[in-house]
Ligand SMILES: [Zn+2]
């Protein structure tokens, strides 16, 4: 914008990189035309490039509110309020937070359980959800477009997937916003799932994250409903959905930069309810059999070749991730992800974060600590036997 040459002096706004970014004008154009979903997609992409830009947060919040998704809108306004808003924008954001909070419906009596019960199903539900119907049952929530072939399953997912996502967002992304919508398709059985997802035969779930030419993205999670004996697979809620959600969120967070495979799988397995801890507990078996990989061979391998269904890799990746998580504060964990995203070598980032980088041989010492921690039974492992991830 051209500066005013005459008239009252207006304090200059600090330079905002958005003013020179054509994608910002494309996003604003979509918004002005009432294409809110397109605007959301474009603004969210911009926000991943300028994560602390309060003006962007405000505009994205506005688009979400117009698109009928008030709870993301409210979180974004709240985030913008902690940034450097001018007085007028801060008033608008504060007013919006209050208004949207008032709109948020109080939880209805008899609604679906939360917390630990998020994954609990009654025997009746389990039986009814083992039926596969001819017709698709589709539901839409704030972050999901759900398709299954059982209306009760679609209802259960519609009621619980958001809360499951919220837990994953906290554990994996350290609470960073995830303002995107994911297609969630639960196929009838293994064969239908394998045919649609092209996954390896041992897989229980898969995810796709693909950027389109216009800057929008396709986010897809594919799971399946019944096992080979036609029983409903409750683990799709407690294990596979959180696992694949973690992958999608990490993939999106890292963008072009690959996330080290051990951390990607370690965080995804840790997101699984109960299973993550049990899996990490099996590190002791690897140590007893002397089949563990040395820390130094593991940590800087970004994308090692891992044989299909290699359980030892998942065990070790999950154990290492949980061990590091026990050493790092939330803020340090965020910082670690940030540095890896910028392409820093994992060992260098970690050495700096823990201020060990000028101590020779710190990796050997850390490895000793890690193995001792695994032998001690980590937090309070229940040591339950589990099958492959
Ligand atoms: Zn995985």
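Would you say residue 65 is assigned by TED's automatic domain parsing to the domain that holds residue 81, surrounded by fewer than 16 Cβ atoms within 10 Å (Cβ to Cβ) and either within 18 Å of residue 89 (Cα to Cα) or modelled with pLDDT under 85 (or both)? No. If you filter the range 216-251 down to residues that are touching a residue at least 40 places away in the same chain (Cβ under 8 Å), part of a helix (DSSP H, G or I) and in contact with a strand residue (DSSP E or B) (Cβ under 6 Å, 6 or more places away or on another chain), you find that the one that is farthest from the ligand (Cβ to nearest atom) is 236.
Candidates in the range 254-273 are the residues that are part of a helix (DSSP H, G or I) and surrounded by fewer than 18 Cβ atoms within 10 Å (Cβ to Cβ); of these, the one that is farthest from the ligand (Cβ to nearest atom) is 254. Of all the residues in the range 307-330, those that are more than 16 Å from the ligand (Cβ to nearest atom) and either free of Cβ contacts under 8 Å to residues at least 40 places away in the same chain or at positive phi (or both) number 4.
Considered as a group, the residues in the range 274-306 that are in a loop (DSSP other than H, G, I, E, B) and within 15 Å of the ligand (Cβ to nearest atom) include one that is surrounded by the fewest Cβ atoms within 10 Å (Cβ to Cβ), and that residue is 303.
The values are calculated or read from the model by the stated rules, or taken from the named source; none is laboratory data. Only a predicted model underlies this, so the values are computations on that prediction, with no experimental measurement involved. Note that each Cβ is placed from the backbone with ideal geometry, even for glycine, and that neighbours are counted across all protein chains shown.
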